[in-house]
1. Among (1) modelled with pLDDT of 85 or more; (2) surrounded by fewer than 10 Cβ atoms within 10 Å (Cβ to Cβ); (3) of a type in the set (Phe, Trp, Tyr), where does Phe46 come up short?
2. Just for the range 61-97: of the residues that are surrounded by 10 or more Cβ atoms within 10 Å (Cβ to Cβ) and β-branched (Val, Ile, Thr), which one is nearest to the chain's Cα centre (by Cα)?
Amino acid sequence: LTRFLSLHFLMPFIVLMMVMIHLLFLHQTGSNNPMGVNSNMDKIPFHPYFSIKDYMGVMVMLFLYIMLNLWEPQLLGDPENFIPANPLVTPVHIQPE
């Protein structure tokens, strides 16, 4: 179990290191062009198009999450929250010191 846990702790750092090395090599050598597009007129700029597209995706997901919480607030809740409290009975897991 400890090897499994240490692997899962170290794996994100290894992946982050590999991504940084990949970006370093990509910026040094540049990427290839499999589509054969040579002019800048045929390319789509990142900022106005993809930024707005990603922003709209985030807004749609946020809207769906808010609607889920407003219409069905107990759907994602813990079932133990629906048990009425009994002030005369102490739960078993609570022990006096």
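1. Every listed condition holds for Phe46 apart from (1).
2. Ile66
The values are calculated or read from the model by the stated rules, or taken from the named source; none is laboratory data. These figures come from a predicted structure and were not determined experimentally. FYI the Cβ positions are ideal-geometry reconstructions off the backbone, even for glycines, and counts take in every protein chain you see.
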